[in-house]
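K.L.:
What follows is a single structure, and I will ask about it in a moment.
The values are calculated or read from the model by the stated rules, or taken from the named source; none is laboratory data. Note that the structure is predicted; figures quoted are calculated from it, not measured. Quick reminder, even Gly has a Cβ in these numbers, built from the backbone with ideal geometry, and neighbours come from all protein chains shown. Remember, those area values only see protein heavy atoms, side chains included, never the ligands or the DNA or RNA. Shrake-Rupley method; radii C 1.70, N 1.55, O 1.52, S 1.80 Å.
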Amino acid sequence: MPRPDLRRTNLKAARKKWGFGRGHVALQSLEMFSEEYRFSLSTGDLLFLDQNWYVTHAGLVRLSRRRHCRGIEVQVVPELCNTSLSRYAFRATVYTSSACKGFVGHGDADPSNVSSLVRGAEMRVAETRAVNRALRKAYGIGICSVEEIGSFGEPVPSARESKKLPPQPVNGKNGNYGGPKVRDRLCQLIRQHQLDANLVKSYAVDFCGTKSLREATREQVEAFVVHLADWAEKDRNALLCQLNSYLGSKEGAA
């Protein structure tokens, strides 16, 4: 049975995280997503980026379970693949019932449309994109999935370079973000999971709902570190896709 307070919980979380006013159009869409698809912000089903909602792979998979999806078939499309160029394409078919003929979606990936953070994993990215498109067709979801967002073409440091360079935390007032334990933990996470420090910083600003990281409270940054650690551990590929969405934004805004 759906949780009766999901809509209210999502609206409250969205206002707190992104500062939406009561009449904001994004809240109207969120109400629909809460009631029709039971997407939850707390479990990372939806993300709000560049004034648009995006559904995550995890959110789509959870939806398919709730709707009792009968199966997902994924096949490579060999004529569109070139392994020497790390170019891959997949076709996914979602069967919503035993009588369903299938909803088909295609996904592709190559070094030109993925972040440098996931270079070498183009095959998995292509498969995930195909599954996401098929699931969105099957259940009538009109918003794009965050994993389908390609690279904006902006050069970014490679994972190896990011590992060598420590993140550049900014000490704010009253110790905001300046606590050694919080900063050290964040640096450790970036090194451990080979994340791009600048993209993590951009995500932190968005997560805290502030204009700059200096304005975030220590509690907000601590919450972000916990969130980042949990997501990196559970689904690093999804986290990388989330960070990839910040490639076109101004990095290092403190």
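K.L.:
Where does each of 197-207, 9-19 land if you order them by average Cβ count within 10 Å, highest first?
P.N.:
For the peptides 197-207, 9-19, the packing ranking is 197-207, 9-19.
K.L.:
Moving on to the next point. Length gain on complete extension for the stretch residue 211 to residue 184, per 0.36 nm per residue less the alpha carbon to alpha carbon distance?
P.N.:
Working it through step by step, the gained length comes to 7.4 nm.
K.L.:
Looking at the square roots a ≥ b ≥ c of the eigenvalues of the Cα gyration tensor of region 182-254, which shape do they give, rounded for a/c under 1.5, prolate if a/b is larger than b/c, or oblate?
P.N.:
Oblate, because a/c is 1.5 or more while a/b does not exceed b/c.
K.L.:
Residue 82 to residue 16: extension gain in nm, 0.36 nm per residue of separation minus the Cα-Cα distance? Spell out each step's value before the answer.
P.N.:
Numbers: separation 66, 0.36 × 66 = 23.76 nm, distance 4.57 nm.
Taking residue 82 through residue 16 to full extension adds about 19.2 nm, to one decimal.
K.L.:
While we're on this one: Quick check: residue separation of residue 191 and residue 98 times 0.36 nm, minus the Cα distance between them. What number comes out in nm?
P.N.:
28.9 nm
K.L.:
Explain nothing, just compute: Karplus ³J(HN,Hα) = 6.51 cos²θ - 1.76 cosθ + 1.60, θ = phi - 60°, for every residue of region 197-211 in order, whole Hz, x for Gly and Pro.
P.N.:
Result, ordered by residue: 4, 5, 5, 4, 5, 5, 5, 4, 4, 5, 5, 6, x, 10, 6 Hz.
K.L.:
May I ask you to order 85-91, 139-145 by the average number of other C-beta atoms within 10 Å around their residues, highest value first?
P.N.:
Put in order of decreasing packing, that is 85-91, 139-145.
K.L.:
Please list, in order along region 24-39, the HN-Hα scalar couplings obtained from phi with the Karplus expression 6.51 cos²θ - 1.76 cosθ + 1.60 (θ = phi - 60°), rounded to whole Hz, x for Gly and Pro.
P.N.:
With the stated coefficients, region 24-39 comes to 4, 4, 5, 6, 5, 5, 4, 4, 5, 5, 5, 7, 7, 10, 6, 6 Hz.
K.L.:
While we're looking at this one, here's another question. Please say if region 1-116 is rounded, prolate or oblate, where rounded means a/c under 1.5 for a ≥ b ≥ c the square roots of the C-alpha gyration tensor eigenvalues, and otherwise the choice is prolate for a/b larger than b/c and oblate otherwise?
P.N.:
oblate
K.L.:
Using a 1.4 Å probe, what is the accessible area per residue for region 1-158, in Å²?
P.N.:
Dividing the accessible area of region 1-158 by its residue count gives 54 Å².
K.L.:
Place the peptides 182-190, 107-115 in order of packing, highest mean first, counting for every residue the other Cβ atoms within 10 Å and averaging per peptide.
P.N.:
Highest to lowest by the protection proxy: 107-115, 182-190.
K.L.:
Return the FRET efficiency for the residue pair residue 8, residue 234: r is the Cβ-Cβ distance, R0 is 35 Å, and the value is rounded to the nearest 0.05.
P.N.:
According to the calculation, E is roughly 0.85.
K.L.:
In region 195-239, carbon and sulfur make up what percent of the accessible area (probe 1.4 Å)?
P.N.:
Answer for region 195-239 is 49 percent, counting heavy atoms of protein chains only.
K.L.:
Evaluate E = 1/(1 + (r/R0)^6) for residue 66 and residue 219, where r is the Cβ-Cβ distance and R0 equals 30 Å; express this FRET efficiency to the nearest 0.05.
P.N.:
Taking R0 as 30 Å, the efficiency between residue 66 and residue 219 is 0.35.
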